[in-house]
Amino acid sequence: MRIYFPTYRNCYVCGEKNKKGLRLKPYFDNGFSCIDIFADSLYSGAEGSMHGGIIATLFDEAGYWAAFAETGKNCVTAELLIRYKINVKTGIQITSKVKVIKADSRIVYVEGILVDKDGQIYSKMKGKYIPMPGNFKDYFKGDEGIQNLDIEKFRDKLE
């Protein structure tokens with residue numbers, strides 16, 4: 001069952017009010033933080049191929065939400081390793097799927113894949129995220145949606 005994450009309105013990846021952003025909707029499904037995207041030619045590097053930086057962005061965002069789901073904290077990326085296996089052709093739907101492998105008080109370790117609807121894996125990632133001190137909401141002051149979020153109730157839904 002999909003459970004959509006709260007989004008910060010100005011985020012480049014998920015911000016619904018960011019007119020120049022991607023406006024994607026990250027969600028939690030079966031232990032994975034996921035982001036779906038249609039590989040539009042707008043996201044090309046070379047003609048007919050999705051730009052590797054967009055792929056990295058999808059992994060980074062999905063990794064962030066996986067770390068948030070684990071900790072309930074705002075997290076920052078410490079390390080992101082991507083193995084680009086197969087070129088992503090434009091014109092297809094793909095999904096970034098990331099899950100937590102291990103977590104302690106200092107670092108959340110994640111792994112993920114970029115996959116199409118048929119299960120073809122295009123890229124793999126490993127990442128490390130650092131939970132930030134303080135309250136999650138303090139990092140998003142002025143965002144009504146996040147300020148009204150009951151983080152513990154939301155995280156309970158993910159279990």
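Just so it is clear, none of the values below were taken in a lab; they were calculated from the coordinates. The structure presented is a predicted model; accordingly, all values stated were derived computationally and were not measured. With ideal geometry, Cβ positions are generated from the backbone for all residues, glycine too; neighbour counts draw on all protein chains shown.
Volume per residue of the convex hull around the Cα atoms, evaluated for region 3-137, comes out as 101 Å³.
Output the peptides 83-94, 107-118 sorted from most to least packed, where packing is the average of other Cβ atoms within 10 Å over each peptide's residues.
Working: 83-94: 14.7, 107-118: 19.1.
Taking the mean over residues of other Cβ atoms within 10 Å, the ranking is 107-118, 83-94.
Divide the volume of the convex hull around the Cα atoms of region 1-47 by the residue count and you get 86 Å³ per residue.
Kirkwood Rh over alpha-carbon pairs of region 72-159, then Stokes-Einstein at 20 °C and 1.002 mPa s: what D in µm² s⁻¹, rounded to an integer? The Stokes-Einstein estimate is 140 µm²/s.
Which value at 222 nm does the chain reach when only helices count, each DSSP H run of 4 or more adding -39,500 (n - 2.57), with the total divided by all residues and rounded to the nearest 500 deg cm²/dmol?
Values: 3 runs with 31 residues, N = 159.
Per the formula, -6000 deg cm²/dmol.
The distance between label points at Arg155 and Ala103 comes to 0.6 nm (points 7 Å beyond Cα on the Cα→Cβ vector).
Given +1 at the Cβ of Lys and Arg, -1 at the Cβ of Asp and Glu and no other charges, the dipole of region 3-137 around its Cα centre is 280 debye to the nearest 20.
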